[in-house]
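Novice: This is the structure I have questions about; it appears just below.
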Amino acid sequence: MFTRTVEVITKPGKARELSNTISDKVLPILKKQAGFVDETVLVSDAEPNRVLAISFWNTKQDAERYHREQYPAIHEMIRSLLDAEPVVRTFNVDSSTVHKIAATRAA
């Protein structure tokens, strides 16, 4: 499994609107993407304008296809709510209790 994190700083007071936009507009697009598994959105309790969106994908290729084909339009959709450009990072999922993935470590 593979994940993309998108960390953003919203304009003051816009974190809730961003979270609602992700739920109402972005999630329906994500659900139609091949290999999409799940989306988690976190809003910082210490920095209320910092939001982290984590999407889970079956493969790196699925996530890369989404990034090429859909992410530019989604970025445009949320741009007016942002105070800075999003920071996108990718990770291999090593373990997850929710997604029932066990850590694969050498003995």
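Quick note: the coordinates plus some simple rules give every number you see, no bench work behind them. Keep in mind that what you see is a predicted model, and the values were worked out from it rather than measured. Ideal geometry is used to build each Cβ from the backbone, glycine not excepted, and the neighbour counts take in all protein chains shown.
Novice: Could you give the length gained by full extension between Arg65 and Asp24, i.e. 0.36 nm per residue of separation minus their alpha carbon distance, to one decimal place?
Specialist: Taking Arg65 through Asp24 to full extension adds about 12.6 nm, to one decimal.
Novice: Run the reach check for Lys31 against aspartates and glutamates, Cα to Cα strictly under 13 Å, same-chain hits fewer than 8 apart removed. What comes back?
Specialist: Output for Lys31: Glu39, Asp62.
Novice: What list do you get for Asp38, Asp62 if you sort them by fewest beta carbons within 10 Å?
Specialist: Arranged by neighbour count, lowest to highest, Asp38, Asp62 become Asp38, Asp62.
Novice: So, one more: Run the quick spin-label model on Arg79 and Ser95: label points 7 Å from Cα toward the beta carbon, then report their separation in nm to one decimal.
Specialist: Going from the Arg79 label point to the Ser95 one covers 4.2 nm.
Novice: Which stretch or stretches of region 39-57 have amide N atoms under 15 Å from the point lying 7 Å from Lys11's Cα along the Cα→Cβ direction?
Specialist: So the set is 49.
Novice: Report the residue, chosen from Ser80, Ser95, Ser55, that carries the largest GNM mean-square fluctuation when the chain is represented by alpha-carbon nodes joined by springs under 10 Å.
Specialist: Looking only at Ser80, Ser95, Ser55, the largest GNM fluctuation is found for Ser95.
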